[in-house]
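Each remark here refers to the structure printed beneath this line.
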Amino acid sequence: MTAAQIAAMMDMTEVEVAATAYIEAAQGDVDQALHWAVSDLLAMEAKLSEALRAVSRGYVRGELPAAAA
């Protein structure tokens, strides 16, 4: 990577960097890059949704059973 390319990347937004990475990974095939990006986004949304469901929204007062203590 040349200094000019590095400088150009530093001026790019996160979205532009991500888009460029997908397009390079797809060897210039924009349709494939879009497919991968949307697939990754949907997978991340599913993981986030699952993680949010696993988060406790409160607590219960009480004691631990003797075996757990």
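Readers should treat all values here as calculations from the given coordinates under stated rules, not as data from a laboratory. Quick caveat, the model's predicted, so the values are computed rather than measured.
Report the percentage of all Cα-Cα pairs in the chain whose separation exceeds 15 Å, rounded to a whole percent.
Within the chain, distances greater than 15 Å cover 72 percent of Cα pairs.
Per-residue ellipticity at 222 nm for the chain, helices alone: DSSP H runs ≥ 4 residues times -39500 (n - 2.57), over residue total, nearest 500 deg cm²/dmol?
That calculation yields -21500 deg cm²/dmol at 222 nm.
Tell me, what ³J(HN,Hα) does each residue in segment 30-36 have, in order and in whole Hz, if you take phi through Karplus 6.51 cos²θ - 1.76 cosθ + 1.60 with θ = phi - 60° and put x for Gly and Pro?
5, 4, 5, 4, 5, 4, 5
Compute the angle between helix 14-25 and the longest alpha-carbon principal axis of the chain, please, reported from 0 to 90 degrees and rounded to the nearest 10.
So the helix axis and the longest Cα principal axis differ by about 70 degrees.
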